[in-house]
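The values are calculated or read from the model by the stated rules, or taken from the named source; none is laboratory data. What you see is a predicted model, and the numbers here were worked out from it, not measured in a lab. For neighbour counting, all protein chains shown are included, and Cβ atoms are generated from backbone atoms with ideal geometry for every residue, glycine included.
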Amino acid sequence: MRQAFGTGQELQEKLGANPFKYGVEGGSDYHSGISSSEENNYPGSHGTQDNLALNYKMILAAGASVGGEPPIRIGAAGITGAWAESNTRDAIFDALKRKECFATSGPRIKIRLFAGWNYNADLVKQTDWVKQAYAGGVPMGADLPAGNGKPKFLVQAIKDPNSGNLDRIQIIKVTTKNGKSTEKIYNVVWSGDRKAGAKGNLPAVGNTVDIKAATYTNSIGAAELIGYWEDPDFDPQSLATYYARVIEIPTPRWSTYLAAKNNLPVSKTIDATIQERAWTSPVWYTPSK
C-alpha cells in the first residue's frame with residue numbers, strides 16, 4: 001500500500017492525476033467464511049487446512065503442511081472502522097466514500113488523523129478538540145489545500161478494551177519530487193517516559209508476554225494516546241501522502257495460543273509474539289501551481 005501511494009504520486013507528476021488515492025480498510029481473504037479477528041480465536045483460513053493443531057504438528061515435524069499456503073504464515077482477520085456521523089447504513093457508507101475510515105490488524109482500536117495549517121499543540125488539550133479540528137483542517141481521507149508554513153497534524157488512538165495497551169503513534173510520510181518517491185516514519189506520541197533519540201528513533205516499549213503460557217499483562221503501554229505533530233521536513237513543492245498508524249504492546253500470536261492450549265512447543269519458524277496495529281486513510285498534499 002505504501003508503495004502504491006508513492007507510485008500514484010509519480011504518475012500524478014507525469015499525468016496530472018493520482019490513480020492510487022486509496023482509503024484504508026481491513027478484512028480477510030478466508031475461504032472458510034469464518035473471519036474471526038481475535039488471535040486466541042483464530043479458526044484457520046482455508047477449508048483443507050483448518051485443523052490447525054494437526055497442521056501445526058506437521059510444521060513442527062517437517063516444516064510443511066497440507067497443500068496451499070502454510071497456515072502458519074496467515075493471521076487472524078483485520079477489520080474496518082469508520083468515523084460516521086451516526087450508526088446507520090447511509091452514514092457509514094458516506095464515511096467510507098469520503099475515505100474517513102481506518103483498518104486494524106484485528107483489535108478494535110480506534111484511530112483518527114487531522115491535518116491543517118493553523119493547529120497548535122494546545123488544541124488536543126481542549127474538550128472540544130475534535131470539533132475544532134474539523135473546523136480548522138481536514139480529516140483523514142481528504143486533500144489538504146495549499147497553505148502557509150508547515151502542515152500540522154492531530155492524532156488520537158484509543159485501545160481495544162479486550163486487547164493490548166498502546167505503544168506509540170507514528171506518521172508515515174510518502175513524498176515525491178522529480179519522479180522519485182521517498183518514505184519516512186516519524187514517532188509522534190508514545191507511552192511511558194521513553195526519550196526519542198537524535199534521529200527520532202524510540203526504544204522498544206518492552207514485552208510482558210509469557211510465551212509458554214500464552215499470556216501477557218497491560219502493565220506497560222497506554223489506554224489512549226493523543227498528540228500534535230508538525231512536519232519538520234516539509235517541501236511545499238513536493239507531493240506528499242501522510243497517514244498515521246498506532247502500534248500495540250507485544251501480545252501472543254495465534255500459534256502461541258495454540259501451542260499453549262495443546263501442550264506443543266512454540267514454532268521456531270515464526271515469531272511467538274506480534275504487535276497489533278491500526279492504520280488511518282491518508283491526507284494528501286498537492287503543491288499549488
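For this structure, a couple of remarks:
- Test: residue in region 242-249 that is touching a helix residue (DSSP H, G or I) at 6+ places or on another chain (Cβ under 9 Å), within 30 Å of THR175 (Cβ to Cβ), among the acidic types (Asp, Glu) and touching a residue at least 24 places away in the same chain (Cβ under 8 Å): no
- Which numbered condition ILE226 misses (of (1) in a loop (DSSP other than H, G, I, E, B); (2) surrounded by fewer than 23 Cβ atoms within 10 Å (Cβ to Cβ); (3) under 22 Å from the mean Cα position of the chain (by Cα)): (1)
- Considering residues of region 145-164 that are buried (at least 20 other Cβ atoms within 10 Å of the Cβ) and outside any loop (DSSP other than H, G, I, E, B) only, the residue nearest to the chain's Cα centre (by Cα): ALA157
- GLY75 vs. criteria under 27 Å from ALA244 (Cβ atoms), at pLDDT below 85 and touching a Gly at 6+ places or on another chain (Cβ under 8 Å): yes
- Residues that are at pLDDT below 95 and of a type in the set (Gly, Ala, Ser), drawn from region 202-259: SER255, ALA259
- For ILE171: the one exception among (1) within 26 Å of PHE5 (Cβ to Cβ); (2) touching a Phe, Trp or Tyr at 6+ places or on another chain (Cβ under 7 Å); (3) in contact (Cβ under 8 Å) with a residue 60 or more places away in the chain; (4) part of a loop (DSSP other than H, G, I, E, B): (4)
- Selected residue [among the aliphatic types (A, V, I, L, M) and surrounded by fewer than 17 Cβ atoms within 10 Å (Cβ to Cβ)] from ALA121, ALA84, ALA77, ALA115: ALA121
- Test: residue in region 249-267 that is closer than 30 Å to GLY141 by Cα, touching a Lys or Arg at 6+ places or on another chain (Cβ under 6 Å), surrounded by 13 or more Cβ atoms within 10 Å (Cβ to Cβ) and not polar (S, T, N, Q): no
- When ARG245 is tested against (1) within 29 Å of GLY44 (Cβ to Cβ); (2) of a type in the set (D, E, K, R); (3) in a loop (DSSP other than H, G, I, E, B), only condition (3) is not met.
- Pairs, first in contact (Cβ under 8 Å) with a residue 60 or more places away in the chain and assigned to a strand (DSSP E or B) in region 199-222, second surrounded by 12 or more Cβ atoms within 10 Å (Cβ to Cβ) and of a type in the set (A, V, I, L, M, F, W, C), C-beta under 6 Å, six or more apart: ALA222/LEU166
- SER191 being under 17 Å from the mean Cα position of the chain (by Cα), at pLDDT 95 or above, more than 17 Å from GLY227 (Cβ to Cβ) and of a type in the set (S, T, N, Q): no
- Inside region 1-39, residues that are without any contact (Cβ under 8 Å) to a residue 40 or more places away in the chain, among the small types (Gly, Ala, Ser) and more than 25 Å from MET140 (Cα to Cα) make up a count of 2.
- In region 83-128, the qualifying residues are those that are assigned to a helix (DSSP H, G or I) and in contact (Cβ under 8 Å) with a residue 40 or more places away in the chain, and the one that is nearest to LYS159 (Cα to Cα) is VAL124.
- Residue check, ALA272 at negative phi and among the small types (Gly, Ala, Ser): yes
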